[in-house]
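Taken together, the values in this text are just the output of simple stated rules run on the coordinates, not laboratory data. All values derive from a computational prediction rather than experimental measurement. All Cβ positions, glycine included, derive from the backbone under ideal geometry; neighbour counts span all protein chains shown.
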Amino acid sequence: MEGFRELFIAACLGGMLSFASAQPDWAYNAVKQSSALTVPKEASAIIMHKLTEVEISSKSLTKIYSQIAVKILTSAGSSFGVMSIPVSPFVEVKKLKGWIIKHDGSAKALPADNIVTISPQESAGYYDDSHIVVAALPGVEPGVIVAFEIALEEKGWTSLFNSFTFQIQEPVKFAQYAVTIPQGWDLLKGEWRTGPVQFEQQGNRYLWTARDLAYQPEEPLAPSWDFLSRRVSVNCFDPSKKGAHHFSQWPEVAQWANDLHRQAAAADQQLIRETRSRTDSLATLQEKLRAIAAFSQKEIRYVAVEIGKERWQPRPAPATFFNRYGDCKDKTTLMRAMLEAIGINAVPVLVNTEYPVDPDLPTPFQFNHCIVGIRVPQDSLPERWQHARIGDWLLFDPTDEVAEIGELPWPLMGRMVLIAANADTVLLQLPYADPEDFRRVYHTRARLNDDGSFSADVDIIDYGSLATYSRYSQRINPGSKQVEEWRSEMAQKLPGIQLEGFRTAASEDSVTTSFSIKGQRFIQKAGNLVLLRPNLFYSPEPPRLTAEERQHPIWFGPPIEINSEVLWQLPEDWTPEIDLSEFESGCSGALLRSQISFSGSLLHYRFLERQTGRLMWPDEYPGARNYDKDLSAIKGQTLLLKTP
Amino acid sequence: MEKIQSTKLLIIVFLVCLSLRASAKELTWEPVTATDWEVNEDTLAEKHGAIMIIEKIEADEADLINRKCYVTIYRRIRILNPEARKWGDVLIPYIAKHQKIENIQGRTLLRDGREIPLAKEQIFDKEIFTAEGLKIKQKSFSLPGLTDDCIIEYLFKIRLPQPNGAWDPEKEIPLLSGEYTWKFYRGKGMGYWYSWFSELISPNWLIQNRTVKIESQELPSKKKTEKVLLTVRNVPAFKPEPYSPPENVLQTRAILFYGSTIDVEADDRAHWTRSAADIYARYEEFAKPNTRLAKTTAAFDSLPGQRSKIEAAYRWLQSNVKNITYLEDEEEYLKNTSVDEVLERGYGTREEINYAFYAMLQQMGIKSGLVYVVDRDKGEFIKKAKYWQFHRILVFEALAGGDPRIYSPGDLYLSPTQVPWLNEGTLSFIQTKEMLAFYTIPFSKAYQNRTHRSLALSVAEDGGATVEIREKLTGQEARELRLACHQLDFDERREALANWVEAAFPQARLDSVLLEETAGEPVILKYRLFYPVSIQQAGSRLLLRPFDFLSRVKYEFSAETRRYPFQFDYAFEQVDSLAIKPPPGWKIEALPKNVFLFKDAGPWELQFKETGQEILVSRLLRLSKPYWEAADYAKVREFFNIQPSLKELTIVLQQDNSPASAGK
C-alpha cells in the first residue's frame, strides 16, 4: 500500500508538472511546422496559428475562444510575448493560459505572477471602467514560439458586434475566424483587404480562413497600418427584434442614437434663459450659430466619463452646462439643447475619426465620435460655410478645439457619417478637402551681399483651414513660444540665422506671420563658383521612393498647397546660370511647378507644391517615383552664380 | 440615573469638543480675497495660464509608530485662460491597503461670488494596476463649473505608512505662497522607551535652495521644537529643458528625514567618518574568509610592477567571474556572502566583483580603497544629507602625490582606469580603513572616447550611392556599442548593430554589418550601405550633395536661451575620413571651402582635397567636456547647430569629355 501511495503521489506530482507546462496540441503542431519555414529577413515574427471562435447565444451572451502561436524571429518580435486583453463590466476573461516553447520542444507555462491588470487610461479628465489584462511570458527571445489560449465572455448587446484582424504586418501561416449565430438570426459582414481570405458559410456558422499571408514590408509614403491591415467585422441580429439593439439597417442605428440622445438634449428653464441671454441681442442666424458653437466648443472643457451606460448615453444638457465639462456626446447634446432653445433643429451625427466605415455593416460600433448636424436653409449661410454642409445639414464638431462653425476639422474630411435624424437616414460622405482649403504662401524679399551674408523680409500667409489652425496656435501659444518655433523651423534650413521683428495679423480668411531674418553663410563657394539655393523654405533631401518595386499604395500626405515666392536682390554684376527656367512635374497624388527669371539684379523664384490627398495605387508607382525624384531635385535646386 | 445621565452628557460633550478641536486643526478653506482675484500674469515673461496662489501641506507623523503618517494637501489656483482649465482635473494615485485617501474636497469660485462645490459622486476611484500582491488605485476628479477666469481649490488627506520625506515647491506653474508644516514623531506610543531611543530618531531637514529660498522656522520655539514650518514665496514655474541634470538636482527642495542626534548635530565630516566605519565593516565581513582569494591572487602578485598586477587582477575578474547584474534572471543565482564564494562560484554582482578586486589589491599590498558614487542621471551626492545616497561602489588605487586611479571591473566592458560615464564629474566619497575624503571624479577626455570612421562612397548618376564604412571606437563610445550587443546571439546582434547604424543613416538600406571586438582593444564595426544622395543636374554640371549623414546630430538645441546647466553623456571626438568617387563620366570642377571653427565647445573642422578622381573629406568634431553652465549655452548651441548646414555642401562636377574617360 505504501509503495502504491508513493507511486500515486509521484504520478500526481508528475501529472501536475506536466499539466502545468505541457503545451496544447495546436501549439505543438505550430512548433512542428515552424522548423520547415522560409522566413523573410525583415520579419520580426511569424504568426503560425491564429484562431478565434465566436459563439453568440440568443440571450446576447457571446463566448469568444482564441488561440495564437507566434514564432519569434528577432528581438523586435518579443512584443508578441505580451498579450493584452481589453476587459470591462461586459467582457470577462474566463481562461488565460500561455506557453513559451523553445527549440528543443521544452515548454514553460505562463506564471500567475506574470498576469497584471492595468487601466488603459490614466490621464486626468478621463474616467472609465475598462481595464486591460496583460500577460507577459518571461524569457522571450528569437527562436522561441509563444502561445496563448484565451476564453472570454461578453454579455449584452455589445457582444453582437465582433471583429478579427488577420494580419497587420508580419507573415501569417494560418488564421481562421469563425462566428456561430443562433438559428434564425442574420449576420452582416464587413471585409477590409481580405482578398487572400477564403470565406464559407455552413448554415449558421460563418468561416473565414487565410493561409500563407506574405509579409507586408514597411515602405515610405505608405498609408497607416490601420489602412493596410486585413480584417473582418461582423454584426449579428435577430430579425424579429429589429431596433432594440438588433441592427440590420442604418436607419435603425440612427433611430437608436436619436432615442438615446433625445431626453438628454432637453433644455431646462435655466438653460433656455442662459441661451437666450447669449443670443437675443444677435441679429443674424449666422451670429447666433457662431455664439452657441463657440460656447459649446470653448466653454465646455473636454472631460470624458465613460462608465456603464455613459459610454453611449450623453449626460443631460443642463448637467453639462452646470459642470462646464463633457465629452463629445455631452458637448453635442448641450449644443443641440441650446439650438433648440432658440428654435433651431439639430441632431447628433455619428462619425469614425480613425477607420473607414463599412457601409454594409450597420452598427453603432463603427463610430467613435459624435458631432452636431444643424438643419438650416441652404441659402441662409455664407458661401464659405458650404464646405461644412451635407444636404440640409450644417455640421459642426464642438470637441475640435480649432475648427470654427462653417469649417470641418480636416480629420473628418472625406469620412462617412450617420446623421441620426428620424427618417431617410443613410450614410453620407463628408466632402473631401481641396488643397486650396489648406493653402500657405511664403512671400520673401531677400538681399544677398557679396560676402555671402543675406537678409530677408518674410511674410507667411495661411488661408482657409490652415488659417484656422494658425489662428488657434497663436491663441494658445505665447508670442515668445511662437518666435522660438519659427526660429527653430527656419534654423533647420538656414543654420545660424537671427530672427527679428516677429508679428502676426489676422483677417477673416487669412492669417499672416511676418519676420525678418539675417544670416552669415547662405551661399556656397566652391572654387570660383558661387552656389545659391533660391528657395529659403526648403532644404535638399534625397528622394524617398527609391525601391524598384512597390507593394503598398502611396500617399504623399493630406491635401495642401504651398506657394513660395522669393525675390532676390543680387550684388551688382552677379548673374545666375539658369538652365531650367520652368519646370513642372506631377502625378495623381501631387504636383509641382517652378519658375525662375532674372532681370537687372533681381532673381525671381516661384515654386508651387500641391498635394491632392489622393491615395495612389501600386500600379501608379512609377509615376509617383518620378515625381518624388523631381521633388527632391527641385527642393534642393541650386543656381550657379557668375561673379565679376 | 441622573448621575449616569449627566456623566454620559459630560462624556458626550467632551468627545464633541475633542472632535471639534480635531477638526479645527484640519485644513479648511481660507478666505478668498480681492488680491487673489487680482492675480495675473501681466508681469511674467512666460505665461502659463494659471498661477498657484497657495499650496499648504501638513505632514503629521505623530503616529509614525503605528505606520500612520498623514499628509494634507491644500491648493488654490487662479485660472486665467481656457487651456489652464486642465488644472481642474486632479489625479491622486495610491497603493491600496498601504495608503488611503480621505476627505477630498473641492470647489470652483466665480467672480460673481458663486461657488460650485465638488460633489461626492464626481470623485472616482479606480484600480490602475493590479498584480499579485500589489494594487495601485487612483482617486480622480474634475472640478465643475470652471471658466477661463475663476479660482479653484481642493484639498485632500492621504494616509501613508511611512514619512512623506520631501517637499518640492517648484511646479509647472508659478507658486505665490507655499507652506509645509512638518509635525514630526515625538515618541507617541513608545512611552518610557522614547527617552532611550529619541537620540536615534531625531528629525532633520535639509534645504536645497536653488531657484528660490525656503525659510524654516522651528515652532513653538527652537528650544522645544514640536514642528517645523517651511515657507517659500514667489516660486517661478519649473520648465524642464533637454539634456539637463535630473530634476531633483535642479530644483529647490526640502528633504525631511529622521537620524541620530549625533548625526544631526555633527558636521559633515564627522557623520561620514562614522558612516565610513560602518560601511567598511561590511566590506571586511565580506572579505573573509579568503583562502581562495590568496591562491588566485598569487598568480598576479608575481608580476613585475604594480600596474601590471592591477591590470592582471582586473582582467582576470572580468573574464572569469560572470557579472549577474547585467542578467535578466539575476534572482536565480544564490547570494554570495564572501569574496571566496564569488571566486568559487564564478559569478557575482557588480558590487561583489568590485569588492573582490579590492580584496585582491589589499592581498597584494597595494594602497587602495573604496569609492562610493552616485549616478548623475539620478541625482548628486549631498554631503549635508546624512543618509546613504550612493548607487555603486568602485575601487581606487592611491598614488603618491597625485589623484587616485579609479577602477570598476564590476561594470562590464570598462577598461582599467575607466569609470562608467554616469559617475564621471560627480562628487564621491572615498575611504580606506584609515582615511576618508571627498573627491570629484574627473571627466574622461574627448580623445579617449573617439569614433574614427573611414568611409568610401561611390555615387551613381541617379544619386544612388554605395558606402563602405569602417568605424573604430574607443572609450565610452566602444563600451556603449559593446553593451548594446551584450549577451545577444548572432541574429540579435545583427539586429542591434543594424539599429545602431540606421540611427546614423536613417534613409539608408543596410547591406552587411560586422563587429570585431577583442578584450582591451578598440571595437571595429564594418558595414555597407545603399544610400540615396541628393543630386541635381545643372546644364553640363552635376551638383552633388553627399553629406546628409554628416548633418545628423545626436543633440539638438532650438531654444534661444537656457536657464539650467546641461550635460552630455561624455566628452567625445568624431573623426571622419571620407573618400568619394564621383559617377563615371564626370570630373571634379569645384569643391566646398574648408571650414575651421575653433569654438570654446571644441574644434570643428572640415577639409576637402582632390586626389586624382577622388575627393577626400576629413572632418573633426570634438566636444571638449560634457558638463556646461547655462551661461555657456550660446557657444555650445552654435557648435551643434552648424551640423545641419553640412547637407548643403555641394561638390560641383563637370562632364568629362576626355578620351581617357570615354574609354571607361
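Here is how the numbers come out for the structure above:
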quantity	calculated
Coarse-grained scattering of the range A:265-312 at q = 0.13, 0.14, 0.22, 0.30 Å⁻¹, given as base-10 log I(q)/I(0) from a Debye sum over alpha-carbon atoms	-0.43, -0.49, -0.89, -1.10
Gyration tensor (Cα) of the range B:268-442, equivalent ellipsoid semi-axes in angstrom	24, 19, 16
Alpha carbon convex hull of the range A:368-419, volume per residue in cubic angstrom	81
Rg/Rh for the range A:11-240, where both radii come from Cα atoms and Rh is the Kirkwood radius	0.98
Exposure proxy order (Cβ contacts within 10 Å, fewest to most) of A:VAL39, A:VAL179	A:VAL39, A:VAL179
Inter-chain Cβ neighbour average for residues B:640-653, partner chain, 10 Å	5
Dipole of the range A:11-240, positive direction: furthest Cα of A:GLN201, A:ALA36, A:SER66, with charges on the beta-carbon	A:ALA36
Residue order, fewest to most beta carbons within 10 Å, for A:TRP185, A:TRP312	A:TRP312, A:TRP185
Computed [θ] at 222 nm, deg cm²/dmol, chain A (DSSP H ≥ 4; -39,500 (n - 2.57); rounded to nearest 500)	-6500 deg cm²/dmol
Radius of gyration and Dmax over the Cα atoms of the range B:447-655, both given in Å	18.3, 55
Lys, Arg +1 and Asp, Glu -1 on Cβ, resulting dipole of the range A:436-642 about Cα centre, debye, nearest 20	480
Degrees, to the nearest 10: A:2-21 long Cα axis against longest axis of chain A	20
Cα shape, chain A, gyration tensor, a/c 1.5 rule	oblate
Positive-end residue of B:ALA84, B:LEU118, B:GLN99, charge dipole of the range B:39-265 with Cβ unit charges	B:GLN99
Quarter of the Cα convex hull surface for the range B:571-664, i.e. its orientation-mean projected area (nm²)	6.6
Contact order relative to length of chain A, as percent, for alpha carbon pairs under 8 angstrom and 6 or more apart	9
FRET efficiency for A:TYR472 and B:THR518, using Cβ-Cβ distance with R0 set to 45 Å, rounded to 0.05	0.15
Pair-distance profile P(r), taking every C-alpha pair of the range A:443-548, with 5 angstrom steps and integer %	2, 10, 18, 20, 16, 13, 10, 6, 3, 1, 0
Proximal charge balance of A:VAL172 [Cβ under 10 Å; K/R count +1, D/E count -1]	+2
Kirkwood Rh, angstrom, the range B:39-265 [1 / mean 1/r, Cα pairs]	19.5
Principal axis dimensions, largest first and in whole angstrom, of the range B:40-116 by Cα	49, 29, 21
Calculated log₁₀ intensity ratio I(q)/I(0) where the Debye formula runs over C-alpha points of the range B:215-334, q = 0.13 Å⁻¹	-0.96
Value of Rg to Rh for the range A:250-432 (Rh from inverse mean 1/r over Cα pairs, i.e. Kirkwood)	0.93
The protein assembly as shown: radius of gyration and largest Cα-Cα distance (Dmax), Å	35.8, 131
Peptide-level mean, for A:118-129, of C-beta atoms on other protein chains within 10 Å	5
Listed peptides A:116-122, B:68-74 by packing density, highest first (mean Cβ within 10 Å)	B:68-74, A:116-122
Kirkwood-type radius of the range A:317-367, with distances r between different C-alpha atoms, in Å	12.6
Total formal charge among the other residues, if their Cβ is under 10 angstrom from that of B:LEU399, Lys/Arg +1 and Asp/Glu -1	0
Extension gain from B:ARG111 to B:ARG315, taking 0.36 nm per residue of separation minus the Cα-Cα distance	66.1 nm
Exercise: per-residue mean of other protein chain Cβ atoms within 10 Å, A:314-323	1
Per residue, the convex hull volume that the Cα atoms of the range B:493-543 enclose (Å³)	100
Least to most buried among B:THR440, B:THR130 (fewest other Cβ within 10 Å first)	B:THR440, B:THR130
Gyration tensor (alpha-carbon) shape descriptor, chain B, a/c threshold 1.5	oblate
Angstrom value of the Kirkwood radius, inverse mean 1/r, which spans all Cα pairs in the range A:436-642	18.4
